[in-house]
Amino acid sequence: MSSVVIYCRSGFESDAAAEINHHAALQAVAGYVKAKPNTGFVIFECFDPQQAELLVKKVDFKSLVFARQWFTGVLLSNMPVEDRVSEIKSVVGDFPLCGDLRVETPDTNEGKELSKFCKKFSTPLSKSLEKQNKLTREHKPTKPVLHVLFLANDTAYVGYSFSTNNSPFFMGIPRLRMPSDAPSRSTLKLDEAFNVFIGKTDVAGRVEPGMKAVDLGACPGGWTYQLVRRGMFVTAIDNGPMNEALMESGQVKHYTVDGFKYLPEKKNVTWLVCDMIEKPLKVANLMLDWIVNGYAKELIFNLKLPMKKRFDTVYECLTLIHEELAEYDVDYRLQAKHLYHDREEVTVHIQVKKLGKK
């Protein structure tokens with residue numbers, strides 16, 4: 001198989017294309033991108049078919065900003081609608097034994113029209129693949145994932161990803177409910193960020209009640225809500241008004257201060273979050289100040305993107321962060337993602353493991 005299939009947000013195909021070109025070049029994998037605007041996916045075609053699997057193995061999926069999901073696969077078109085199962089079975093002979101089947105569509109209006117069909121199609125396909133010994137009867141999260149991405153009722157990419165290097169979510173999208181008492185829909189951004197960057201198995205000692213947090217640009221409190229919900233005590237920084245219910249919780253102190261000027265009195269902040277509308281490089285430099293001065297242990301912040309050169313802007317900011325933290329000898333882990341609930345922005349998470357000696 002020569003194709004690497006990448007899911008992305010509709011309208012961001014050029015950014016996902018630029019990103020996979022960048023990483024393929026770093027791996028010395030030659031190929032070309034096929035991308036159409038507003039389709040919700042891009043294809044990287046490797047000149048050497050064996051290198052498609054190499055890419056989805058060697059490139060760290062968590063290092064991809066604009067990719068929601070990916071797999072190596074092959075295109076099936078003009079499938080007979082009366083027997084699509086046989087067509088799919090005919091190309092999976094060399095696939096590894098998979099522990100999960102995901103029959104998906106791009107996240108577009110056209111894709112949504114296929115969603116009911118995909119749900120119905122999953123059952124007969126899974127039973128047939130089990131008989132072919134290409135899919136385990138029970139879900140096995142340690143084994144590869146078999147993907148079928150339907151573009152039309154007779155056209156689909158069929159392939160697999162590795163469970164250690166993909167998104168654990170169906171279509172690469174965490175399913176979250178909007179809390180009825182949240183002050184704004186922006187609350188889902190931070191909730192998704194915690195789910196994607198931390199997950200449920202790594203929260204101990206990192207996301208716990210009683211921790212101190214700071215929310216820069218907090219009003220009306222969408223992100224503060226998620227911190228309070230997790231039992232934290234929050235210092236909310238914003239010149240605007242905060243949600244009254246949050247203030248009544250007893251867990252929030254609100255200061256009408258410019259988020260770019262505020263500094264904590266003590267170095268006892270575990271979490272810093274920031275969703276301020278400002279130029280991305282300015283926000284990146286502010287976050288660097290908080291890190292190198294030891295003001296916070298973990299940070300989640302948004303970089304607001306321009307209309308053009310979004311890939312270039314994100315990677316410029318990330319390069320700056322990496323270079324500065326290396327200069328200050330900081331041991332850290334960074335992830336950045338264009339989350340499902342993001343619009344024209346990318347969310348960045350940095351865990352500071354150890355400060356340098358400078």
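Here are a few things to note about the model shown:
- Least to most buried among Glu265, Glu113, Glu53, Glu316 (fewest other Cβ within 10 Å first): Glu265, Glu113, Glu316, Glu53
- Cα shape, segment 187-354, gyration tensor, a/c 1.5 rule: rounded
- Taking a sphere under 13 Å around the Cβ of Lys112 and counting the other residues whose Cβ falls inside, with K and R at +1 and D and E at -1, yields a net charge of -2.
- Length released on extending from Glu82 to Ala28, taking residue separation times 0.36 nm less the Cα-Cα span: 15.2 nm
- Protection proxy ranking for 37-47, 62-72, using the average of other Cβ atoms within 10 Å per residue and placing the highest first: 62-72, 37-47.
- Relative contact order (%) - segment 3-172, alpha-carbon pairs under 8 angstrom, separation at least six: 26
- The gain in end-to-end length when the Phe61 to Asn165 segment is fully stretched comes to 36.9 nm, 0.36 nm per residue minus the alpha carbon separation.
- Rounded to 5, percent antiparallel among DSSP beta bridges of segment 3-172: 80
- Ordered by the count of other Cβ atoms within 10 Å of each Cβ, fewest first, Asp342, Asp331, Asp94, Asp191 give Asp94, Asp331, Asp342, Asp191.
- Per residue, the average separation of C-alpha pairs within less than 8 Å and at least 6 apart gives the chain a relative contact order of 13 percent.
- For Glu345, net neighbour charge (Lys/Arg +1, Asp/Glu -1) across residues whose Cβ lies under 9 Å away: 0
- The local environment of Leu151, defined by Cβ-Cβ distances under 11 Å, has a net charge of -2 under the rule Lys, Arg +1 and Asp, Glu -1.
- Taking a ≥ b ≥ c as the square roots of the eigenvalues of the Cα gyration tensor, segment 163-227 is oblate, since a/c reaches 1.5 or more and a/b is not larger than b/c.
- Here the Debye sum runs over all C-alpha atoms of the chain as equal scatterers in vacuum, and log10 of I(q)/I(0) at q = 0.07, 0.08, 0.14 Å⁻¹ comes out as -0.34, -0.44, -1.15.
- Nearest-ten-degree value, helix 310-327 long axis tilted from longest Cα axis of the chain: 60
- Highest to lowest packing among 130-139, 266-275, scored as the average C-beta count within 10 Å: 266-275, 130-139
- Of all aspartates and glutamates in the structure, the ones whose alpha carbon falls short of 15 Å from that of Lys89, not counting any fewer than 8 places away in one chain, are Glu130, Asp154.
- Share, in percent, of DSSP beta bridges within the chain that are antiparallel, nearest 5: 65
- Segment 187-354, relative contact order [Cα under 8 Å, separation at least 6], %: 20
- Mean residue ellipticity (222 nm) of the chain, computed from DSSP H runs ≥ 4 via -39,500 (n - 2.57), nearest 500: -8000 deg cm²/dmol
Only the coordinates and a few stated rules stand behind these numbers; no lab work does. Everything numeric in this text was worked out from a predicted model, so none of it was measured. So basically every Cβ, Gly included, is an ideal-geometry build from the backbone, and we count neighbours across all protein chains shown.
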